[in-house]
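One structure below.
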Amino acid sequence: FPSGNETFEKLGAIGTLSNLLIYLTTVFNLSNIKAATIISVFNGTANFGTLLGAYICDTFLGRYNTLAAASLASFLGLLLIQLTAAIPGLHPPSCGKSSDAATCKQPTGGQMSFLLTGFALMIIGAGGIRPCNLAFGVDQFNPNTESGRRGINSFFNWYFFTFTFAKMISVTLIVYIQANVSWSIGLAIPAILMLISCALFFGGTKMYVIVKASGSPVTSLIQVFVVSIKKRNLKYLDSNSLFNYIPKKSINKPLPHTDQFNWLDRAAILTPADKINSEDGSPENPWNLCSLQQVEEAKCVVRVLPIWVSGIIYYLAIAQQGTYAIFQANQADRRMGNTKFQVPAATYGVFLMLSLTAFIPVYDRVLVPFLRRLTGKEGGITILQRLGVGVLISVLSMLVSGVVEEQRPTLGMSDRNRGEISSMSAFWLVPQFVLAGLAEVFGAVGQVEFYYKQFPENMRSVAGALNYCGIAAGSYLSTALIQLVHRTTEGAPTGNWLPEDLNKGRLDYYYYLVGGLGVLNFGYFLWCSSGYRYKKAKDEVVQPEVKGSA
């Protein structure tokens, strides 16, 4: 049920978002720059909101209750967005055949407010669903059995398989209905699917393994940093002199002491002024003394952060396939062969998803077992090696995007609102989408697995939030870079790189710029990876298999 619920949730949400760029430019008469900015800001805010969602989940509500409330918020948001298309008074009049979007009537403040309220509700929904859904799925496995551990490894791959399958349906069937039948009907389908998602989720309640909220692990992290600063002048001797305490109800595995980031060890130095509770051995004031276990958990997070930073540039490259690549398709020949049928511009993103869904089973069932026999590693290759391959392929996707755009003829075939349609077939964009899909198999799936395995067990919701924060930072960086390039090149001798009419711009230069940033990022990633130490539990033992366990 959690897997089925998540598939329907993605069918609903992405069915709206995948074509939203076109919706904002054609129905709300917004410019390309303004529409791309709104989408990037929305994605960034929704993804950064996962940090707040993770905090509320771990501290107060628990994963099940958070998912329940967030699913309902997502449904209401989708419903409001659908109403902007269904009710004429909630969107501006059609721009018609105008050749300049600036002359079209812009939406009123009330119309934009209604639309943004729908966005806000979807942000609330995303903030609860995104950090909790994977963690909730992992809760259903027993990590102390061999089949449970392997089940978790495959779960990440197959989660992305079902997730992408939902996206494929959304950018083909749903987007076609939105672009060629009716925006009102096309936006009603995601809302209905989200309602089905809620029904499926609540229908499986009695089957779930529900882990209750155990307090905020973020508070424990803050305590380590605060106490280490307080005790920065104390002399550190060795790990045997450090205070250690693990609560009986803790779900975290005991961690051995590591000699990295020794400045944090000072938080566990026991001084005469520190008092211990006689009942359970815990410190009376956790803001004056932390345990060695707390310190090592904080080190796990600190180790991950430099790798997370490299993911921002990775997601910057992937983000281009959801914005300017769609504009490329929208201004190219989208006819199927010699027929009059035109493929909706947003549907070309399906090639990214086809690439991902086709290669995930190959990776999980063929490549991983083969590499496992060669290397002896459970995952075939290390998680960081997987991430590195993803970063490298994302750079290649940008270079291919630039070459295709550079070779694209600008001779027009027919007039459109924002410039002539190029005579180049939009199917020449397929290679860059395929490469982006392969990058996702290694980079996106690898990052999710990396965060979940390297964070303490009670921080799985935060781990999910961190992944989405990387996506958010990539979206915000994309927004800032687009604005910077647009303003900087507007009066340059080469002309504006990113004008409304792509035929008059140099989008290829922009792609090469993103690719160059990716090359620098790959070097940074290799440097961070060279000194990384994987999390390893103390005296970790895999229990013998029990019949019926996962």
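Residues that are over 30 Å from Ile33 (Cβ atoms), modelled with pLDDT under 80 and either among the aliphatic types (A, V, I, L, M) or touching a helix residue (DSSP H, G or I) at 6+ places or on another chain (Cβ under 7 Å) (or both): does region 113-135 have at least one? Yes. Among the residues of region 163-182, the ones that are aromatic (Phe, Trp, Tyr) and open to solvent by less than 50 Å² (accessible area, probe 1.4 Å) come to 1 in all.
Can you find even one residue in region 296-315 that is more than 30 Å from Leu264 (Cα to Cα), over 19 Å from the mean Cα position of the chain (by Cα) and either of a type in the set (Asp, Glu) or outside any helix (DSSP H, G or I) (or both)? No, there is no match, as no residue in region 296-315 is more than 30 Å from Leu264 (Cα to Cα), over 19 Å from the mean Cα position of the chain (by Cα) and either of a type in the set (Asp, Glu) or outside any helix (DSSP H, G or I) (or both). Going by the conditions given, is Leu116 under 24 Å from Gln320 (Cα atoms), open to solvent by 60 Å² or more (accessible area, probe 1.4 Å) and either of a type in the set (S, T, N, Q) or in a helix (DSSP H, G or I) (or both)? Here the answer is yes, as Leu116 does meet what is asked.
Checked against the criterion of being open to solvent by less than 30 Å² (accessible area, probe 1.4 Å) and among the charged types (D, E, K, R), the candidates Lys248, Lys235, Lys231 yield just one match: Lys231. Within this structure, Gly443 passes the test of being over 20 Å from Leu507 (Cβ atoms), in contact (Cβ under 8 Å) with a residue 40 or more places away in the chain and more than 10 Å from the chain's Cα centre (by Cα). Within region 383-408, the set of residues being over 13 Å from Leu438 (Cβ atoms) and either open to solvent by less than 30 Å² (accessible area, probe 1.4 Å) or at pLDDT below 90 (or both) comprises Ile383, Leu384, Leu387, Gly388, Met398, Ser401, Gly402, Val404, Glu405, Glu406, Gln407, Arg408. If you go through region 210-228 and keep only what is within 22 Å of Phe136 (Cβ to Cβ) and open to solvent by 70 Å² or more (accessible area, probe 1.4 Å), you end up with Ile210, Lys212, Ser214.
Pairs linking a residue in region 42-70 that is free of Cβ contacts under 8 Å to residues at least 12 places away in the same chain and open to solvent by less than 60 Å² (accessible area, probe 1.4 Å) to a residue that is part of a helix (DSSP H, G or I) and of a type in the set (Val, Ile, Thr), with Cβ atoms under 9 Å and 6 or more positions apart or on different chains, do not occur. Taking the criterion of being assigned to a helix (DSSP H, G or I), in contact with a Leu (Cβ under 9 Å, 6 or more places away or on another chain) and not aliphatic (A, V, I, L, M), the residues of region 433-459 that qualify are Phe433, Gly437, Glu440, Phe442, Gly443, Gly446, Gln447, Phe450, Tyr451, Tyr452. Please tell me if Ser529 is modelled with pLDDT under 90 and surrounded by 12 or more Cβ atoms within 10 Å (Cβ to Cβ). No, not satisfied.
Name the residue, out of Val395, Val403, Val368, that is of a type outside the set (S, T, N, Q), without any contact (Cβ under 8 Å) to a residue 60 or more places away in the chain and in a helix (DSSP H, G or I). Only one candidate qualifies: Val368. Within region 352-360, not a single residue is over 26 Å from the mean Cα position of the chain (by Cα) and in contact (Cβ under 8 Å) with a residue 12 or more places away in the chain.
Of all the criteria given as (1) within 30 Å of Asn133 (Cα to Cα); (2) surrounded by fewer than 23 Cβ atoms within 10 Å (Cβ to Cβ), the one not satisfied by Gly437 is (2). Selection over region 459-497 of residues that are within 22 Å of Ser31 (Cα to Cα), touching a Ser or Thr at 6+ places or on another chain (Cβ under 6 Å) and touching a residue at least 60 places away in the same chain (Cβ under 8 Å) gives a count of 3. For Pro143, only one of the following conditions fails: (1) under 30 Å from Ile471 (Cβ atoms); (2) modelled with pLDDT under 75; (3) open to solvent by 50 Å² or more (accessible area, probe 1.4 Å). What is its number? Evaluating Pro143 over (1) under 30 Å from Ile471 (Cβ atoms); (2) modelled with pLDDT under 75; (3) open to solvent by 50 Å² or more (accessible area, probe 1.4 Å) leaves (3) as the failure. Exactly one residue among Leu507, Leu517 is modelled with pLDDT of 95 or more, under 28 Å from Ala436 (Cβ atoms) and open to solvent by less than 70 Å² (accessible area, probe 1.4 Å), and that residue is Leu517. Pairing residues of region 298-311 that are of a type outside the set (S, T, N, Q) with residues that are open to solvent by 30 Å² or more (accessible area, probe 1.4 Å), at Cβ distances under 6 Å and at least 6 apart in sequence or on separate chains, gives Lys299/Phe261; Cys300/Lys535; Val302/Phe261. Of the candidates Leu195, Leu242, the single residue that is of a type in the set (A, V, I, L, M, F, W, C) and either without any contact (Cβ under 8 Å) to a residue 12 or more places away in the chain or open to solvent by less than 70 Å² (accessible area, probe 1.4 Å) (or both) is Leu242. Kindly check whether there is at least one residue in region 284-296 that is over 14 Å from Val226 (Cβ atoms) and surrounded by fewer than 20 Cβ atoms within 10 Å (Cβ to Cβ). Yes - at least one qualifying residue is present in region 284-296. Considering region 304-326, and only residues there that are open to solvent by less than 10 Å² (accessible area, probe 1.4 Å) and among the aromatic types (Phe, Trp, Tyr), the residue that is modelled with the lowest pLDDT turns out to be Tyr324.
The values are calculated or read from the model by the stated rules, or taken from the named source; none is laboratory data. Quick caveat, the model's predicted, so the values are computed rather than measured. A quick note on method: Cβ atoms are made from the backbone with ideal geometry, for glycine too, and the neighbour counts reach across all protein chains shown. Just the protein is used for accessible areas: all its heavy atoms, side chains included, with ligands, DNA and RNA removed. Shrake-Rupley method; radii C 1.70, N 1.55, O 1.52, S 1.80 Å.
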